[in-house]
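**Student:** Here it is: the structure, laid out below.
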Amino acid sequence: MSGGRDDEGLRDLRAAEYVLGTLDAGERAAFELERTLDPATEAALRGWERRLSPLARAVPAVRPGPALWGRIAAALPSGGAGREGAPQHDARLAAAGESLRALTRQVRFWRRATAAAAGAAGLAAAGLALVLAGPLRPVPPPGGRSVAVVTSGGDLPALIVSVDAASGTVRVRPLAARAPAGRSLELWYIGAGAAPRPLGLVGTEPARLALPSEAGSAAGGTLAVSVEPPGGSPTGQPTGPVVYTGKLIPE
Amino acid sequence: MLPRDIDGGEDAVLAGLLERIAGRDEAALKALYDRTAAKLLGLILRIQRDRSLAEDVLQDVFLRIWHAAGSYAPAAGAPLPWLCAIARNRAIDGVRRRSEVAMPSGEAGEAYWERLSAPGGGEDAILDRDALVACLSRLDPTQRDCVVLAYCEGWSREELAVRYGRPVNTVKTWLHRTLASLKSCLETGA
């Protein structure tokens, strides 16, 4: 897309407002998608981070509570076992817990943070609700492809999920998604007002999964990833914490 | 172009820690935590406004740093702003996802303005800071406060609209004009 001067100006203002923090949740999510797709947007963002960063020094430091480091260390691979003066952890437990603690902690946080906002779709109450406002590309390609960038709230998307309605496939490209030790990550499709449908397990390699037939028009659907027993949910419905959610938008 | 390496001491330490963290060195994450956690919690707390939620965000930020340290590129800027951006982004994501409008803290923009103008920091930070302060000081005080309150306290357009008794669209226009003139001032001195 060759942006004219107006497009560039608007892109720069989106980047500026993103850094300032005044975009709403949908605009922020759309901008995060845009920055992963467009290097010029990423550059505009870096420019504004640099320009405004001196403001951060006007904010007084606040010492965290003494227990906080212990909580962070417990979520690291060693489970905090190497920590000086730390309470001894059972090594097996620490290994098995690995990043599950991090994930459940994260989910607990987002549950609290989004409790008021999460009227939508039941599942969203447990997830990292990410509403993508689109479309970002002016001309939808033929075949009705959709893409969801699923993030856990950080800079890098956790997964990129692209849906090709024409061939009825979903392609999953894991970026930062990590399954807790001894667990599987399972991908779900939730149509408007419908129960979650399992699409398959998310491994470490890109995978191609079949789309449920009712998802013919993918727009408006939601994708979610939950933590399940090895091999996937035994019930056909998500049983573990939902660690990622993302809405499908037309590409 | 401002020189960025006049006071590279702390930057070099933080960059070295990030490199070790990228190599899965947990002790380096602890060292980074000891040096930066209070700064980052300060940023998060002003935006998140709830101490317990703010500590949850901070925990999340350090786990994020644990996983993303390898993506820090020294060429793209100093390490502390990179860490601050992660902390601010996560804090803002948290408050924007909530539907209720939280009550902003009572601190006025002027208090930030005074702290911003106070001496301190490394040479390169001072140069960047002085340029920003000079450009902010040319702005209308109300519009300057909008920028400072949004950045430092995470005020939304809606909250700013309530505070200044103006429609949300007016606030959005203010912000766009203010940001555009700030950029032009910083880049050309005009």
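The values are calculated or read from the model by the stated rules, or taken from the named source; none is laboratory data. Predicted, not measured: the structure shown is a model, and the values here were computed from it. Reconstructed Cβ throughout: ideal geometry from the backbone, glycine too, with neighbour counts over all protein chains shown.
**Student:** Could you identify the single residue in B:Lys39, B:Lys30 that is at the interface with chain A (Cβ under 9 Å from one of its Cβ atoms), within 26 Å of A:Glu42 (Cα to Cα), surrounded by fewer than 24 Cβ atoms within 10 Å (Cβ to Cβ) and at pLDDT 95 or above? Outline the logic, then answer.
**Tutor:** Details: B:Lys30 fails: within 26 Å of A:Glu42 (Cα to Cα).
When all the criteria are applied, what remains is B:Lys39.
**Student:** I've got another one for you. Out of the residues in the stretch B:152-161 that are surrounded by 15 or more Cβ atoms within 10 Å (Cβ to Cβ), part of a helix (DSSP H, G or I) and in contact (Cβ under 8 Å) with a residue 40 or more places away in the chain, which is nearest to the other protein chains (Cβ to nearest Cβ)?
**Tutor:** Ranking the candidates gives B:Cys152 first.
**Student:** Oh, and also: Across the stretch A:169-188, what is the total count of residues that are at pLDDT 70 or above and farther than 19 Å from A:Leu33 by Cβ? I'd like the intermediate steps shown before the answer.
**Tutor:** Looking only at the stretch A:169-188, we keep the residues that are at pLDDT 70 or above, and these are A:169-172, A:182-188.
Restricting the remaining residues to those that are farther than 19 Å from A:Leu33 by Cβ gives A:169, A:182-186, A:188.
Number of matching residues: 7.
**Student:** Moving on to the next point. What do you reckon, is A:Ala219 modelled with pLDDT under 70 and farther than 22 Å from B:Arg64 by Cβ?
**Tutor:** yes
**Student:** So if I check each of B:Val133, B:Val101, B:Val168, which one is at pLDDT below 90, of a type in the set (Val, Ile, Thr) and over 30 Å from B:Leu32 (Cα atoms)?
**Tutor:** B:Val101
**Student:** Scanning for something small (Gly, Ala, Ser) and at pLDDT 85 or above, does the stretch B:51-59 turn up at least one residue?
**Tutor:** Among the residues of the stretch B:51-59, at least one is small (Gly, Ala, Ser) and at pLDDT 85 or above, which makes the answer yes.
**Student:** Continuing with this model, one more query. Which of the residues that make up the stretch B:42-87 are more than 7 Å from chain A (Cβ to nearest Cβ), assigned to a helix (DSSP H, G or I) and of a type in the set (D, E, K, R)?
**Tutor:** B:Arg51
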